[in-house]
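S.K.: Right, I'll just put the structure down here and ask away after.
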Amino acid sequence: MRSKFLSILVAVLLLPATFLRASTPFTNPDEGMWLLSLLKDLNIQQMQKMGLELSAEDLYDPNGPSLKDAVVQFGGFCTGEFVSASGLVFTNHHCGYDAIASVSSVENNHLDNGFWAKNYSEEKPIEGLYVQILSKMFDITDSVAPFVASLDQAERMVKVREITGRIKLREEEKTGQAVDVKSMFYGNKYYIFYYDTYNDVRLVGTAPQSVGKFGGDTDNWMWPRHTGDFSVFRVYADKINNPAEFSTANVPYKPKKYLKISLEGVEENDFTMIMGFPGQTERYLTSYAMNEVITESNPAQINVFKAVTDAQKEEMDKSDVVRLQLSPDYASLMNALKLWDGQIEGMTKVMDAVAIKQKEEVAFTQWLNKQNSTIKNKYGTVLDDLKNDYATLSTVNEEFLTKIYAVSLLPTGNYAIELSSLEEVLSTEGVDEEAKKAGIEAAKTSAAGVWETYNYDAEMKKVMNLLNLMNTKLPADKKPQALKDILANTKGTTDEEKIKTWTMNAFMRSVITTPTKLETFLAEPSVKKLQKDKLYNLYIDLYTEAMILQPVYAQSQQNINKHTREYIAAQMLMYPDKAFYPDANSTMRFTYGTVQDYAPKDGVQYNYLTTDKGIEQKYVDGNEEFDVPDQLLNMLMKNDFGRYADKNGDLPVCFLSNNDITGGNSGSPVLDKKGNLIGIAFDGNYEGTPGDYIIDPNMNRTISVDIRYVLFIIDKLGGAKNIIKELEIVE
């Protein structure tokens, strides 16, 4: 999922020493994305009662090998795990999708047909792909909090950046590692993380996407699931096992720890645990935030993303070349779309998220009324402050998100904003030739990335769809002035006809719609030509209008973060015996729970396991979402499963657990009580999509591909015996 435009660092609040206690609310064992360094003190005994046979040091030991050394952040957006002594990594198919597409062509279509390297020399280097391995982490709150406690919010943000930046630079120079300092609990805590970064990562194997993406967008976020969502990579290092840029002299990396693989399978209530790098949750927000998500931000984003994906899909269906080019971006946008839809439905129909948060706020107010004057003075207005913050945000929210996304989701839109720097240079009176030359070279460098995810017809239809969207969804006083001018000055009987005519004409004449035209323009750039470019000016006008709204949007978000930090600090006073876990923020986390089924609605009960039978039942010959290779179908029909069958003779495909995950956890190892790999997490269920904001223990489920299906595909469909021999398999 795409990240938010504005991330605001908030400062630490020093807690008062005296307070009255409230009763601690029940916390489900499966809820929480825990920092590994806290497991020894907070969770290990509970996990052992649930069946875990390992110690806290087996899970996380900064001074020696532990399970955390087998888990990597994959590409900065997913998770993977070492499964051999020679740096072999399992992750999701959708995590490797961009990489697979990048080495695919119509002639060598690895995305559609699959790929299995039979030896090291056949493995395919992936430019730009890297993994990071967590070395250690520490709480450094005391190095930050005392220096920002007395500052106002604006000063605090600057000071936090200064302090954490200095710490990061110092530690990177001292250790040679990548270092990251992260705020926790909206700035109530700070942690430092040290990583080893390996930049030579190569594709080893992938099933055809009819297996790796079986069910397509229809099954995305849904259960029951029958998706073989995995791919295989290898990490390379120099000859002494240190990080190195790609070189033919590099050798397979030897991890400190790799995972054994169990074929024992899962049963209901079995203990499970997951390590990974979840992206972002916001669990400590108020009812005002829930209402904003349901009625404003999610609907606005859904509208824009749908306008873009509809245009992409229309062109992808016409050509394999375009499909291969646009599929990664399309898949990412569609994933976000279904998530946001599911969140609205889950927060309004499956549960009443606003009412749940309001109940928490009533309890908070009752507790606050019993406190001393110091605490009342400090936190007495925090809920009213948040109510006002969201009311202010609401005045610009839909308009800002619509206009900024309408530019940022388009390759040409993004480039137009960068090209505006050249316009400024060219239009500056008396600018010297060196500055002009530097501006042109910068524009040429930026242009190199425009065409990777660009298709002329798809881009043109995106613009048409977005203009029609803004015309129908935004109130009259918030419609872009450029759109009003288009409708006023373009011939046509309907608004849609006028928009289509204008867009086709603008694309035909614009200098930013083909590589040739852009190259010609940059050879002899003319500010007059640029300023007459209708498409370029549309993007600049939209961006300018969004930036007029941005100060209100940004200040509202800043105030929300400040007051949420205070609200969390107050809740920590209210429940001093509760173990609070920090929201996910792309740092390594640990979650534990059990294998569980669930009942999504009245009269419906879902089993925790799916098998090969479901693939046969869903199979539709020639369908882009539900077709499978003939070889696979034949093996399924013959029950030719080898040692990967379960005790009933079926082939397990996917299973459910109540582990707590979110985006970024994709590719995370699902481990049994002994720390053996039993599955690879790849999705959540539709009813659990509100989990980024609020957990419903009866509904939140993690969907994982069973490791037996992974091995079956590698071994029986792929014929990659070399990979199977490399693994340490226990039965």
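Taken together, the values in this text are just the output of simple stated rules run on the coordinates, not laboratory data. Given the structure is predicted, the values throughout are model-derived calculations rather than measurements. Neighbour counts run over all protein chains shown; Cβ positions are idealised from the backbone, glycine included.
S.K.: Using a 7 Å offset from the Cα along the Cα-to-Cβ direction at both Ala442 and Asp112, what is the distance between the two label points in nm, to one decimal?
M.R.: Calculated label separation equals 4.2 nm.
S.K.: Here's another thing I want to ask about it. What's the magnitude of the charge dipole for the range 180-298 around its Cα centre, counting Lys and Arg as +1 and Asp and Glu as -1 at the beta-carbon? Answer in Debye, nearest 20. Working shown, then result.
M.R.: Numbers: 12 positive and 15 negative charges, 123 e Å.
Dipole size: approximately 600 debye.
S.K.: Mind checking the full-extension length gain between Val552 and Thr374? Use 0.36 nm per residue of separation minus the Cα-Cα distance, one decimal, nm.
M.R.: On the way: separation 178, 0.36 × 178 = 64.08 nm, distance 3.15 nm.
Full extension from Val552 to Thr374 adds 60.9 nm.
S.K.: Oh, and also: If you average the sequence gap of Cα pairs under 8 Å that are 6 or more apart and divide by the length of the chain, what percent do you get for the contact order?
M.R.: Averaging sequence separation for qualifying contacts and normalising by length gives 25 percent for the chain.
S.K.: Related question: Based on the mean of other beta carbon atoms within 10 Å per residue, what is the order of 322-328, 702-708, most packed first? List each step's numbers first, then the result.
M.R.: Working: 322-328: 20.3, 702-708: 27.4.
Ranking the peptides 322-328, 702-708 by packing returns 702-708, 322-328.
S.K.: Show me the ranking of peptides 606-619, 66-79 by mean Cβ neighbours inside 10 Å, starting with the highest.
M.R.: Packing order, densest peptide first, comes out as 66-79, 606-619.
S.K.: Give a quick list of trypsin sites (Lys or Arg not before Pro) in the range 622-653 that DSSP marks as loop, anything other than H, G, I, E or B, with at most 10 other Cβ atoms within 10 Å.
M.R.: Values: sites: Lys638, Arg643, Lys647; in loops: Lys638, Lys647.
Listed in order of number, the matching sites are Lys638, Lys647.
S.K.: A further question follows. Which translational diffusion coefficient, to the nearest whole µm²/s, is obtained for the range 523-575 from the Stokes-Einstein equation, given a Kirkwood hydrodynamic radius over C-alpha pairs, 25 °C and 0.890 mPa s?
M.R.: On the way: Rh = 14.7 Å.
The Stokes-Einstein estimate is 167 µm²/s.
S.K.: Next question, about the same structure. With every atom except the alpha carbons ignored, what do you get for Rg and Dmax of the range 194-326, in angstroms?
M.R.: 21.2, 57
S.K.: Return the loop-located trypsin sites (Lys or Arg not before Pro) in the range 179-252 (DSSP other than H, G, I, E, B) with at most 14 other Cβ atoms within 10 Å of their own Cβ; answer none if there are none.
M.R.: Lys239
S.K.: Compute the relative contact order of the range 306-434 as a whole-number percentage, counting only Cα pairs closer than 8 Å that sit 6 or more residues apart in sequence.
M.R.: Computed over the range 306-434, the figure is 12 percent.
S.K.: What is the diffusion coefficient of the range 582-699 in µm²/s, taking the Kirkwood radius over Cα pairs and the Stokes-Einstein relation at 20 °C with a viscosity of 1.002 mPa s?
M.R.: My calculation gives 129 µm²/s for D.
S.K.: Further question on the same structure: Given the range 420-484, what whole percent of its Cα pairs are spread farther than 19 Å?
M.R.: 59
S.K.: Here's a follow-up. Once Lys and Arg get +1 and Asp and Glu get -1 on their Cβ, which of Gly684, Met157, Val604 lies farthest toward the positive end of the dipole of the chain?
M.R.: Met157
S.K.: Roughly how many debye, to the nearest 20, is the charge dipole of the chain about its Cα centre, given +1 on each Lys and Arg Cβ, -1 on each Asp and Glu Cβ, and no other charges?
M.R.: Here the size comes out at about 1120 debye.
S.K.: While we're looking at this one, here's another question. Around Leu285, what is the net charge, scoring Lys/Arg as +1 and Asp/Glu as -1 over all other residues with Cβ under 12 Å from its Cβ?
M.R.: -4
S.K.: What FRET efficiency would be calculated for the residue pair Glu728, Lys601, taking the C-beta separation as r and a Förster radius of 45 Å, to the nearest 0.05?
M.R.: Details: r = 42 Å, r/R0 = 0.94.
FRET efficiency, Glu728 to Lys601: 0.60.
S.K.: Follow-up. Which value, in nm² and rounded to one decimal, describes the direction-averaged projected area of the C-alpha convex hull of the range 458-558?
M.R.: 8.1
S.K.: Moving on. What size of dipole, in debye to the nearest 20, comes out for the range 455-499 about its Cα centre when the only charges are +1 on Lys and Arg C-beta atoms and -1 on Asp and Glu C-beta atoms?
M.R.: Dipole about the Cα centre, nearest 20: 140 debye.
S.K.: While we're on this one: Report, in listed order, any pair from Lys136/Lys725; Lys306/Lys403; Lys349/Lys376; Lys306/Lys387; Lys318/Lys534 with a Cα-Cα distance greater than 25 Å.
M.R.: On the way: Lys136/Lys725 32 Å; Lys306/Lys403 14 Å; Lys349/Lys376 36 Å; Lys306/Lys387 30 Å; Lys318/Lys534 28 Å.
Over 25 Å Cα-Cα: Lys136/Lys725; Lys349/Lys376; Lys306/Lys387; Lys318/Lys534.
S.K.: Quick one: Cα centre-to-centre distance for the range 685-725 and the range 611-641, in angstrom?
M.R.: When both Cα centres are located, 18 Å separates them.
S.K.: Under a Cβ-Cβ cut-off of 11 Å, what is the net charge of the residues other than Ala579 that fall near it, where Lys and Arg count +1 and Asp and Glu count -1?
M.R.: The answer is -2.
S.K.: What do you get when you divide the Cα radius of gyration of the range 591-637 by 2.2 N^0.38 Å, with N the number of residues?
M.R.: Numbers: Rg = 14.9 Å, N = 47, 2.2 N^0.38 = 9.5 Å.
Against the compact-globule rule of thumb, the ratio is 1.57.
S.K.: Now for a different question. Rounded to two decimals, what is the ratio between the C-alpha radius of gyration of the range 109-217 and 2.2 N^0.38 Å?
M.R.: My calculation over the Cα atoms of the range 109-217 gives 1.62.
S.K.: I've got another one for you. What does the charge add up to near Ala56, with Lys and Arg as +1, Asp and Glu as -1, over the other residues with Cβ less than 10 Å from its Cβ? Don't jump to the answer; show the numbers that get you there.
M.R.: Numbers: positive: Lys40; negative: Asp41, Glu57, Asp58, Asp61.
My count for the surroundings of Ala56 gives -3.
S.K.: Determine Rg/Rh for the range 57-108; Rg is computed over alpha-carbon atoms and Rh is the Kirkwood hydrodynamic estimate from the same atoms. Provide the component values of the computation, followed by the final result.
M.R.: Working: Rg = 14.6 Å, Rh = 12.8 Å.
Over the Cα atoms of the range 57-108, Rg/Rh equals 1.14.
S.K.: Please report the antiparallel percentage of DSSP beta bridges with both residues in the chain, rounded to the nearest 5.
M.R.: 95
S.K.: Can you give the convex hull volume per residue for the Cα atoms of the range 154-262, as a whole number of Å³? Numbers along the way, then the final one.
M.R.: On the way: hull volume 23.6 nm³, N = 109.
Hull volume normalised by residue count: 217 Å³.
S.K.: If N is the number of residues in the range 203-247, what value comes out of its Cα radius of gyration divided by 2.2 N^0.38 Å?
M.R.: In units of the 2.2 N^0.38 Å rule of thumb, it is 1.75.
S.K.: Now for a different question. At 25 °C and 0.890 mPa s, grab the translational diffusion coefficient of the chain from Stokes-Einstein with a Kirkwood Rh over Cα pairs, rounded to a whole number in µm² per second.
M.R.: 89
S.K.: If you line up the Cα atoms of the range 313-454 on their principal axes, what length do they span on each, largest first, in Å?
M.R.: Dimensions of the range 313-454 along the principal axes of its Cα atoms: 69, 49, 21 Å.
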